[in-house]
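J.: For reference, the structure I am asking about is given below.
The values are calculated or read from the model by the stated rules, or taken from the named source; none is laboratory data. Since this is a predicted model, take the numbers as computed values, not measurements. Positions of Cβ are generated from backbone atoms using ideal geometry, with glycine treated the same way; all protein chains shown enter the neighbour counts. Areas reflect the complete protein model, heavy atoms only, side chains present, ligands, DNA and RNA absent. Shrake-Rupley method; radii C 1.70, N 1.55, O 1.52, S 1.80 Å.
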Amino acid sequence: MKKILGLFFALLWLMSCGQSYEEQRRLTRAERAEQRRQDSLALKVAVMPTIDCLPIFVAAERGWFDSLKIDVRLRPFKAQMDVDTALVGGSVEGAVSDLVRTERMKKRGTPLHYATATNASWQLIGNRLARVKETRQLGDKMVAMARFSATDMLTDLALDGVKTSATVYRVQINDVALRLQMLRNNEMDALWLPEPQATAARVLRHPVIWDTEKNDIRLGVLVFRERAMKDKRIRSQINGFMKAYNEACDSLNQLGAAHYSAIIEKHCATPFHRVVEKLPKLKFPRAAAPREKDIEMARKWLGK
């Protein structure tokens with residue numbers, strides 16, 4: 001009799017466990033479905049660990065998107081080509097990019113809207129151990145860049161009219177953090193870096209060979225898919241996003257980027273603390289269309 005009762009209670013226990021498991025599965029499925037629903041309604045923006053994304057990081061961390069009742073989901077990437085894939089595939093509505101990439105995407109059939117130019121800049125950094133200080137010394141050297149991007153075009157511009165002793169080898173390294181790591185490990189002769197990675201390289205006493213700031217070239221942009229702009233609900237979110245973006249730019253210009261050092265270190269993965277302290281004085285312009293001359297430069301290079 002005891003054995004029968006034991007089996008009976010064991011069966012009840014197993015049944016209750018089974019019900020709990022099935023119930024848990026139902027809840028999990030429901031939660032996943034709700035998460036997918038909320039994600040589909042949110043405004044998704046692809047970002048990189050670079051200083052041109054700082055106004056977006058500040059707006060997100062300070063809750064300015066939330067205060068405007070906008071559900072913004074940032075999608076961080078380490079390589080710009082992955083940003084392109086997300087933008088073209090439609091898994092994000094917007095992205096921080098460069099004019100060479102966006103003009104190429106438009107040319108290949110992805111209509112994009114330029115929400116604003118950004119303060120993105122690039123520096124060609126030479127490896128001090130390889131004693132590369134000038135463009136003419138790049139013969140038989142490796143230069144880290146990314147194909148069909150601002151850095152690809154900038155390599156052409158930097159070498160225009162320059163006589164080198166041998167071929168300059170362009171090595172495609174898409175991850176900006178990896179580029180910096182390769183410089184630190186003495187695995188690359190020269191490389192293109194945005195901020196704050198460029199500052200990290202300068203702190204390590206690697207020389208600047210070429211600078212977009214000194215050559216008045218502005219290629220950074222924040223774009224949204226045209227399809228998103230035509231959707232009334234999403235366009236309303238984008239309008240709110242840009243309002244918070246401008247608010248963040250105003251705050252950065254008033255207080256300085258160093259005031260938000262914790263946010264920079266969190267989102268830009270600076271390798272050591274003094275990088276933020278050594279950043280150049282940065283200006284974050286409010287939303288404004290990219291300059292026509294910069295767009296034409298990108299289009300001309302793509303059409304060569």
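J.: Using alpha carbon centroids, what distance separates segment 38-103 and segment 112-188, in Å?
T.: Between the Cα centres of segment 38-103 and segment 112-188 lies a distance of 25 Å.
J.: Would you work out the relative contact order for the chain, in percent, from Cα pairs under 8 angstrom that are 6 or more residues apart?
T.: 26
J.: By per-residue mean of other Cβ atoms within 10 Å, what is the highest-first order of 125-136, 45-56, 252-263?
T.: 45-56, 125-136, 252-263
J.: Of (i) 16.0; (ii) 22.1; (iii) 18.4, which one was derived for mean projected area of the Cα convex hull in nm² from the structure shown?
T.: Correct label is (ii).
J.: Filter the cross-link list Lys266/Lys293; Lys78/Lys243; Lys232/Lys266 down to pairs whose alpha-carbon distance in this structure exceeds 28 Å.
T.: Lys266/Lys293; Lys232/Lys266
J.: With springs connecting C-alpha atoms under 10 Å apart, model the chain as a Gaussian network and identify which of Gln197, Gln137, Gln123 has the largest mean-square fluctuation.
T.: It is Gln137.
J.: Let me ask you something else. Return one whole number: the accessible area per residue of the chain in Å², for a 1.4 Å probe.
T.: With the other protein chains kept in place, the chain gives 53 Å² per residue.
J.: So, one more: So what's the net charge close to Leu279: Lys and Arg +1, Asp and Glu -1, counting the other residues with Cβ under 11 Å from its Cβ?
T.: Around Leu279, the surrounding residues sum to +2.
J.: Here is the link list: Lys278/Lys304; Lys163/Lys300; Lys44/Lys106; Lys281/Lys304; Lys107/Lys230. Which ones come out longer than 27 Å on Cα distance?
T.: Lys278/Lys304; Lys281/Lys304
J.: Which residues' amide hydrogens lie under 5 Å from the amide hydrogen of Arg73, considering only partners 5 or more residues apart or on another chain, with H built in the peptide plane?
T.: Leu43, Lys44, Val45
J.: Enumerate the amide H contacts of Gln123 below 5 Å, restricted to partners 5 or more residues apart or on another chain; note that Pro and chain-start residues carry no placed amide H.
T.: Excluding prolines and chain starts, which carry no amide H, the hits are Leu193.
J.: Something else about it: Please report the antiparallel percentage of DSSP beta bridges with both residues in the chain, rounded to the nearest 5.
T.: 60
J.: For the modelled label position 7 Å from the Cα of Ala166 along Cα-to-Cβ, which residues of segment 114-142 have backbone nitrogen atoms closer than 16 Å?
T.: 130-132, 136-142
J.: Between Ser91 and Arg299, what FRET efficiency comes out of the Förster formula 1/(1 + (r/R0)^6) with R0 = 25 Å and r the beta carbon distance, rounded to 0.05?
T.: Efficiency, rounded to the nearest 0.05: 0.40.
J.: At Leu68 and Glu226, where each label point lies 7 Å from the Cα along Cα→Cβ, what is the point-to-point distance in nanometres?
T.: About 2.4 nm, to one decimal.
J.: While we're here: Projected onto the charge dipole of segment 177-300 (+1 at Lys/Arg Cβ, -1 at Asp/Glu Cβ, origin at the Cα centre), which of Pro285, Val208, Ile263 gives the Cα projection farthest towards the positive end?
T.: Among Pro285, Val208, Ile263, the one farthest towards the positive end of the dipole of segment 177-300 is Pro285.
J.: Now, a different point. Between the DSSP loop rule and a limit of at most 12 other Cβ atoms within 10 Å, which trypsin sites (Lys or Arg not before Pro) in segment 175-207 are left?
T.: When the trypsin sites (Lys or Arg not before Pro) of segment 175-207 are filtered for loop state and at most 12 Cβ neighbours within 10 Å, Arg205 remain.
J.: Please list 3J(HN,Hα) in residue order for segment 213-227, calculated via the Karplus relation 6.51 cos²θ - 1.76 cosθ + 1.60 where θ = phi - 60°; whole Hz, with x for glycine and proline.
T.: 4, 6, 9, 6, 10, 10, 10, x, 9, 10, 10, 10, 5, 4, 4
J.: Can you check what the net charge comes to around Leu204, using other residues whose Cβ is under 10 Å from the Cβ of Leu204 (Lys, Arg +1; Asp, Glu -1)?
T.: Value of the local net charge: +4.
J.: For the chain, give the percent of accessible area contributed by carbon and sulfur heavy atoms, probe 1.4 Å, rounded to a whole number.
T.: 52
J.: Would you mind checking which residues have amide H under 5 Å from Thr116's amide H? H placed 1.01 Å from N; only 5 or more apart, or other chain.
T.: HN-HN under 5 Å from Thr116: Leu222.
J.: As an exercise, identify the trypsin sites (Lys or Arg not before Pro) in segment 246-285 lying in DSSP coil whose Cβ has no more than 15 other Cβ atoms within 10 Å.
T.: Taking segment 246-285 and a limit of 15 other Cβ atoms within 10 Å, the loop trypsin sites (Lys or Arg not before Pro) found are Lys278, Lys281, Lys283.
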